[in-house]
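What follows is one structure encoded as structure tokens, with my remarks underneath.
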Amino acid sequence: MTESEAQRAWVRVRSNLRESAGARLFEQWLKPMELIEDGDTDTIRLGLPSAFMTNWVRNHYADRMMLEFRALLPNVRGVSIETCMPAPVAARIVAGPADAAPAPTPQPAPPLAAIVAAKPAGERPPLDARFTFDRFVVDAANRVAFNAARMLAEPGVPRFSPLFLHSGTGQGKTHLMHAIGQAFLAQHPDATVICMSAERFMFDFVAAMRARDTHSFKQRLRGADLLLIDDLQFIAGKDATQEEFFHTVNEIMSAGKRLVISADRCPQALDGVEARIVSRMSVGLVADIKAPDLMLRRAILDRKLRDLPEAKVPAEVLDLLAARIHANIRELEGALNRVVAYAQLTGDRIDMEFAVATLGDVLRGAQRRVTIDEIQKLVSQHFELKPLDLVSARRSRAVARPRQIAMYLAKRLTTRSLPEIGRKFGGRDHSTVIHAVRKIEELRDQDRDIDTAVRTLMRELEA
């Protein structure tokens, strides 16, 4: 691959990205990316001006760019997305064929200890360093999957294999898979670990068939000590790919090696996937990850914020994001990243007004409009009371505690002000609402029954 070939391909790829991503996203995240020319014959290197942007593009567009480049340049073995820091010129960065001016040298890529020993064609970049067990926020919704993942990564003979993880999009499957790979390599530094999507498995297998070199493909995957395949549903209906996948799974399992598979549903619900593959997946341990409730979403934001020490995000903004964005964790973290990034770019202070202005479209699209009337009706049903009891003057604990829970939920799940909430509960003032919220927060840490009741009510209200 010559420099001119890389330049021409990059111009085409940029054009395709602009069209598929849309003008706004392209301008914000992809336009600053530049091609780094350093004479490498098989790897495309792309540079971005900040680590924050680099991580975002890696997470969202690494696979897409790999496919785009290989469609134009079949000999490309990998795409590396790096952070370019100002330094003496050692390589030339170009945005297109017309650019020839020297530019900053890209920061050296991190050591690739956490990937396959010899990175083959089409292999993914290193396991994401952010996705470790200690950064995974554990809750009842994901505890079984988390414990199973840690167990599989332990040294010694694996207690089960394969591990099949399933959940909706963006709930933490990929995080756990990368965490398994990194924990396993920490114990076995010389081990061969391959992490790839099912779509990449199919792409590489088809390429191997066209090149009449399926032997190398089979030898590479079946030689792995730990094989991680993400999003199995993408090979549904692909007969030839499923045939090879089945034999690969058999080889890995027969050799007593570790295998982790993920999908967006349980094995039995994978339409278009052969019964024999489903049967093999069910031999090991099947663990699901449920959608996070409000408290888990809030805890995830707190954990995410620890990775952004320079960001000052008020608790009320975090509460807003956790309450409004519940489709998946990836979208939730993306919203926090966006607020922080916009604040850094504009120099503005993050507050509720700034967050709403920055995330207006996201919040409107994600919002499930819960009303105080709905909350009062559901709470009264749960505690076997009449709705009028919650707005009455009765002060017995059998009524006062459910009333406090209803006020707490109204504060967390609606945009009503404290005085508005108080008026909906029999004309009480805002100080009563504040006391109720603080009391329930305190009791949730001390009383398991109260915490369970609140979680149940939140799930029902958000459904």
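Give the residue, chosen from M202, M209, M177, M151, that is buried (at least 18 other Cβ atoms within 10 Å of the Cβ) and out of contact with any Leu (no Cβ under 8 Å at 6 or more places or on another chain).
Result of the check over M202, M209, M177, M151: M202.
Just to be sure I understand, how many residues within segment 234-265 are modelled with pLDDT of 90 or more, within 19 Å of the chain's Cα centre (by Cα) and not small (G, A, S)?
Qualifying residue count, segment 234-265: 2.
Within segment 184-198, does at least one residue satisfy the condition of being open to solvent by 40 Å² or more (accessible area, probe 1.4 Å), over 18 Å from D288 (Cβ atoms) and among the aromatic types (F, W, Y)?
No, that holds for no residue.
Can you name the residue in segment 228-242 that is assigned to a loop (DSSP other than H, G, I, E, B) and not acidic (D, E) and, of all such residues, is most open to solvent (accessible area, probe 1.4 Å)?
Residue satisfying both the conditions and the ranking: K238.
Within segment 416-463, track down each residue that is among the aliphatic types (A, V, I, L, M) and within 21 Å of R395 (Cα to Cα).
Matches in segment 416-463: L418, I421, V433, I434, A436, V437, I440, L443, I450, A453, V454.
Inside segment 182-224, can you point out the residues that are of a type in the set (D, E) and either in contact (Cβ under 8 Å) with a residue 40 or more places away in the chain or under 23 Å from V278 (Cβ atoms) (or both)?
D190, E199, D204
I'm checking my understanding of the structure. Among residues of segment 177-227 that are outside any helix (DSSP H, G or I) and among the polar types (S, T, N, Q), which one is farthest from the chain's Cα centre (by Cα)?
T192
Output the residues belonging to segment 391-428 that are charged (D, E, K, R), outside any helix (DSSP H, G or I) and at pLDDT below 90.
R394, R395, R416
Is there a residue in segment 9-19 that is open to solvent by less than 70 Å² (accessible area, probe 1.4 Å) and at pLDDT below 75?
no
Has segment 408-422 got any residue that is exposed (fewer than 14 other Cβ atoms within 10 Å of the Cβ), closer than 19 Å to L320 by Cα and more than 31 Å from the chain's Cα centre (by Cα)?
Checked segment 408-422: at least one residue is exposed (fewer than 14 other Cβ atoms within 10 Å of the Cβ), closer than 19 Å to L320 by Cα and more than 31 Å from the chain's Cα centre (by Cα).
Determine the pairs where a residue that is without any contact (Cβ under 8 Å) to a residue 24 or more places away in the chain, located within segment 431-451, has a partner that is loosely packed, with under 15 Cβ neighbours inside 10 Å and in a helix (DSSP H, G or I) with Cβ atoms under 8 Å apart, the partner being 6 or more residues away or on another chain.
Partner pairs satisfying both residue conditions: D451/D445.
Which pairs turn up if I take residues in segment 277-289 that are farther than 11 Å from I261 by Cα and look for partners that are part of a helix (DSSP H, G or I) and charged (D, E, K, R) with beta carbon separation below 9 Å, at least 6 apart in sequence or on another chain?
From segment 277-289, the pairs are I289/K173.
State which residue pairs qualify: first residue touching a residue at least 60 places away in the same chain (Cβ under 8 Å) and aromatic (F, W, Y) and inside segment 16-33, second residue open to solvent by 20 Å² or more (accessible area, probe 1.4 Å) and in a helix (DSSP H, G or I) in any location, beta carbons under 8 Å apart, and separation of 6 or more residues or different chains.
Filtered contacts from segment 16-33: no entries.
Can you pull out the helices (runs of 4 or more DSSP H) entirely within segment 243-342 that have at least 1 residues that are open to solvent by 10 Å² or more (accessible area, probe 1.4 Å), more than 30 Å from M53 (Cβ to Cβ) and in contact with an Asp or Glu (Cβ under 8 Å, 6 or more places away or on another chain)?
294-305
Under 7 Å by Cβ, and 6 or more places apart or on different chains, what pairs join a residue from segment 54-79 that is under 17 Å from L30 (Cβ atoms) with one that is outside any helix (DSSP H, G or I) and open to solvent by 30 Å² or more (accessible area, probe 1.4 Å)?
That search, which allows pairs on different chains as well, returns R58/P125; A62/P125.
Would you check which residues across segment 360-377 are at pLDDT below 85 and surrounded by 16 or more Cβ atoms within 10 Å (Cβ to Cβ) and list them?
Of everything in segment 360-377, those that are at pLDDT below 85 and surrounded by 16 or more Cβ atoms within 10 Å (Cβ to Cβ) turn out to be V362, L363, A366, V370.
Quick check: anything in segment 435-446 open to solvent by 20 Å² or more (accessible area, probe 1.4 Å), at negative phi and not in a helix (DSSP H, G or I)?
No - not one qualifying residue is present in segment 435-446.
Taking segment 129-147 as the search range and keeping residues that are of a type outside the set (D, E) and part of a helix (DSSP H, G or I), which one is surrounded by the most Cβ atoms within 10 Å (Cβ to Cβ)?
Step by step, filter segment 129-147, then rank; the result is A145.
The values are calculated or read from the model by the stated rules, or taken from the named source; none is laboratory data. Remember, it's a predicted structure, so these values are computed and weren't measured experimentally. Note that we place each Cβ from the backbone using ideal geometry, even for glycine, and neighbour counts take in every protein chain shown. Just the protein is used for accessible areas: all its heavy atoms, side chains included, with ligands, DNA and RNA removed. Shrake-Rupley method; radii C 1.70, N 1.55, O 1.52, S 1.80 Å.
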